[in-house]
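Only one structure is covered here, and it is reproduced in the block below.
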Amino acid sequence: MASARSGDELRSASSLVRLLIVLTVVGVLVGAAGLIIPRLSDGDDGGGARGAVEQRARDFAVTYNTYSVTEKADYQKRMRPLLTPSYFKEFTTVTNAVFDAIKGKDQKSGSAKVLQVAVDSIDGDSAVALVAVNAKITTDADEAAVERRFRWKVTFARQKGLWRVSQFESVAPLQASVGTPTPTPSPTPTEGGDQ
């Protein structure tokens, strides 16, 4: 009888091991599917929308920094599909005033290089991206180009399925400085303190 009992225990133990192996394999497959399917179907992670915002931010940065004062109409035409209608009206008013003010300087901007784009926030119809772009600006045909470094916070609105710039603003660079550390207050009073 002892040998019959040990055989049953072995079968029971091997059945338990098989069950654990099957459950482990099923768990791994479910976990892998949970990681892969959202990326393939552009699920709730916003990966597709995030990529579209990043590309639109790059397009905006390059187009915004590629102009010639003598070709204002062309510049405004190239900017129009990148901006919301209300922001395009504001952009047109500003570029008309600025380009008229510097008309005699033959200012040009080009060689725009987007260094980095990061989506700060995104939902179904709005997004905010941070953009770092450098561009070369000249004010005279004989003058050497001066590289400018721009850092922007660009706000997007999704209109008719397209991401369009609804606002942008410059981001001031942070200046790091080394100073004397502030002393940490002592938990017990010292001389000269209130007692």
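Residue-wise test of (1) under 13 Å from Phe60 (Cβ atoms); (2) in contact with a Phe, Trp or Tyr (Cβ under 7 Å, 6 or more places away or on another chain); (3) β-branched (Val, Ile, Thr).
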{"residue": "Gln116", "(1), (2), (3)": "no, no, no"}
{"residue": "Ser121", "(1), (2), (3)": "no, no, no"}
{"residue": "Ser126", "(1), (2), (3)": "no, yes, no"}
{"residue": "Val133", "(1), (2), (3)": "yes, yes, yes"}
{"residue": "Asp140", "(1), (2), (3)": "no, no, no"}
{"residue": "Ala144", "(1), (2), (3)": "no, no, no"}
{"residue": "Trp152", "(1), (2), (3)": "yes, yes, no"}
{"residue": "Arg158", "(1), (2), (3)": "no, no, no"}
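You will find that of Ala135, Ala129, the residue that is among the small types (Gly, Ala, Ser) and in contact with an Asp or Glu (Cβ under 7 Å, 6 or more places away or on another chain) is Ala129 and no other. Of the residues making up segment 56-79, those that are within 18 Å of Ala101 (Cβ to Cβ) and among the basic types (Lys, Arg) number 1. In the set Asp100, Asp140, Asp106, only one residue is modelled with pLDDT of 85 or more and surrounded by 10 or more Cβ atoms within 10 Å (Cβ to Cβ); that residue is Asp100. Failed condition for Ser14, given (1) at pLDDT 80 or above; (2) more than 30 Å from Ser166 (Cβ to Cβ), with all others met? Going through the list (1) at pLDDT 80 or above; (2) more than 30 Å from Ser166 (Cβ to Cβ), Ser14 breaks only (1).
In the condition set (1) among the polar types (S, T, N, Q); (2) free of Cβ contacts under 8 Å to residues at least 12 places away in the same chain; (3) assigned to a helix (DSSP H, G or I); (4) under 21 Å from Leu162 (Cβ atoms), Ser121 is compliant with all but (3).
Taking the conditions exactly as written (outside any loop (DSSP other than H, G, I, E, B), modelled with pLDDT under 95 and within 19 Å of Thr63 (Cα to Cα)), does Arg164 satisfy them or not? So Arg164 fails the test.
Checked against (1) in a helix (DSSP H, G or I); (2) surrounded by fewer than 16 Cβ atoms within 10 Å (Cβ to Cβ), Lys113 meets all criteria but (1). Considered as a group, the residues in segment 143-167 that are of a type in the set (Gly, Ala, Ser) and in contact with a Ser or Thr (Cβ under 6 Å, 6 or more places away or on another chain) include one that is nearest to Asp125 (Cα to Cα), and that residue is Ala157.
Let's see how each residue does on (1) free of Cβ contacts under 8 Å to residues at least 40 places away in the same chain; (2) closer than 20 Å to Gly161 by Cβ; (3) hydrophobic (A, V, I, L, M, F, W, C):
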| residue | (1), (2), (3) |
| --- | --- |
| Ala57 | no, yes, yes |
| Arg80 | yes, yes, no |
| Tyr87 | no, yes, no |
| Ile102 | yes, no, yes |
| Asp106 | yes, no, no |
| Ala112 | no, no, yes |
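The values are calculated or read from the model by the stated rules, or taken from the named source; none is laboratory data. Note that the coordinates shown come from a computational prediction; the quantities given were computed from them, not determined experimentally. Here the Cβ is made from the backbone with ideal geometry for all residues, glycine too, and neighbour counts use every protein chain on show.
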